[in-house]
Amino acid sequence: MIVSTTELRKNLFAIFDTVAHGETVTVTRGGRPVARVCPIGPAGPVDWRTSLTRQPRLLAAPDEAFAPLDDLWQDRV
């Protein structure tokens, strides 16, 4: 969608609703593009684990990986 600065000023909230529904709006001044208003993505916190492309894995067996921590907890248990 392409709008002029005048049209943007007159219909700001309607244009923001359009952007909120996923459309990108190009703003022109004097017929030349000067800005682009685009959606920022889903609202709320994004779980970083969903964006992983590879499954993390331990390079050692769990017993070996966490065994050195056992002595750190001896005094606290």
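No lab work stands behind these numbers, since they all come straight from the coordinates. A quick note: this is a predicted structure, and the numbers were derived from the prediction, not measured. Every residue, glycine as well, gets a Cβ built from its backbone with ideal geometry; the counts of neighbours run over all protein chains shown.
The length gained on full extension between His21 and Cys38, counted as 0.36 nm times the residue separation minus their Cα-Cα distance, comes to 5.1 nm.
Working from Cα pairs under 8 Å separated by at least six residues, relative contact order for the range 1-40 is 42 percent. Each peptide in 61-67, 51-57 gets a packing score, the mean of other Cβ atoms within 10 Å over its residues, and the list from highest to lowest is 61-67, 51-57. Between the amide H of Thr28 and those of Val3, Ser4, Thr5, Val34, distances stay under 5 Å, these residues lying 5 or more places away or on another chain, with hydrogens modeled in the peptide plane.
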